[in-house]
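In what follows, a single structure is set out as structure tokens and then discussed.
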Amino acid sequence: MTLKRRVTADEHLLDTAHSEEWKQKAAWRVMKIQAEFVEGFDTLEAAELGDAIGVYGSARTNVDGDEYKLGIELGRKLGEAGFSVITGGGPGAMEAANRGAADAGVKSVGLGIELPFEQGINPYVDIQLDFHYFFVRKVMFLKYSCGFCALPGGYGTMDELFESLTLVQTEKVGKFPIALIGTDFWGGLVDWLRDVMVREGKIGPDDVNLLLVTDDLDEAVEHMKSGRK
């Protein structure tokens, strides 16, 4: 079956044609954005998440694979350490982390996003929010997490990772640990940061140290504890 592609709110907002219809509805879009912020803040404040960790990772992670099992174990270990777990709420690695959190009996949050093709919220989420705008969703991740763990992922994971790194590097957020889970997957990226970006003077040597790269989930969880409020 061929899935029908939807036009998303983000796509409308960033429409480069600036059609007359866009101009007429621009003010209403601002109100819609405001409403998403209000709903997000109200819902997550009321949830009383306490210390929470954002977990990123690919929606394409196979449920029968080792990476999925790794995500479950990460979510469980974070939960056992007293953290709530926040993901993008989708399938794959996100589902795995939510599943582990649910197994540990902690709050399992899914921040869903409208996409051109249906994705849906995974069944292990007990606190659900659905967003039309990526940038509103990112604010919720950053406001309500005290650290991030990145499982193997694609462009979305990279986007969220480097946004977080930029905010830490520029001191827009304080003590904020970031762990990359999987040395085989992430090692080449970190080598490139060190061998190219640092060498070319685009970042400083200490900037690479903002990332912990590990295969040891206990080490990752301990690193997350350094960001506790």
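Numerical summary
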read-out: Answer residue from the stretch 167-196, given it is at pLDDT 95 or above and among the small types (Gly, Ala, Ser) and is nearest to Arg228 (Cα to Cα) among those; value: Ala179
read-out: Condition met for Phe176 (among the aromatic types (Phe, Trp, Tyr) and crowded, with 21+ Cβ neighbours inside 10 Å); value: no
read-out: Flag if Gly154 is surrounded by fewer than 21 Cβ atoms within 10 Å (Cβ to Cβ) and either under 21 Å from Gly100 (Cα atoms) or touching a Phe, Trp or Tyr at 6+ places or on another chain (Cβ under 6 Å) (or both); value: no
read-out: First in the stretch 32-54 and within 26 Å of Arg76 (Cα to Cα), second anywhere and of a type in the set (Ser, Thr, Tyr) and assigned to a strand (DSSP E or B), Cβ under 9 Å, 6 or more apart; value: Ala47/Ser84; Leu49/Ser84; Gly50/Ser84; Asp51/Ser84; Ala52/Ser84; Ile53/Ser84; Gly54/Thr87
read-out: Pair list, Cβ < 6 Å and 6+ apart or interchain, from the stretch 83-94 residues that are in contact (Cβ under 8 Å) with a residue 40 or more places away in the chain to residues that are hydroxyl-bearing (Ser, Thr, Tyr); value: Ile86/Ser145; Ala93/Ser58; Ala93/Thr61
read-out: Evaluation of Glu20 against (1) under 30 Å from Trp186 (Cα atoms); (2) at pLDDT below 90 (one fails), failing number; value: (1)
read-out: Among residues of the stretch 197-229, those that are modelled with pLDDT of 95 or more and hydroxyl-bearing (Ser, Thr, Tyr), counted; value: 1
read-out: For Thr8: the one exception among (1) over 27 Å from Phe162 (Cβ atoms); (2) at pLDDT below 95; value: (1)
read-out: Some residue of the stretch 115-134 being surrounded by fewer than 21 Cβ atoms within 10 Å (Cβ to Cβ), touching a Phe, Trp or Tyr at 6+ places or on another chain (Cβ under 9 Å) and not hydroxyl-bearing (Ser, Thr, Tyr); value: no
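The values are calculated or read from the model by the stated rules, or taken from the named source; none is laboratory data. Quick caveat: nothing in here was measured; it's all calculated off a predicted structure. Note that we place each Cβ from the backbone using ideal geometry, even for glycine, and neighbour counts take in every protein chain shown.
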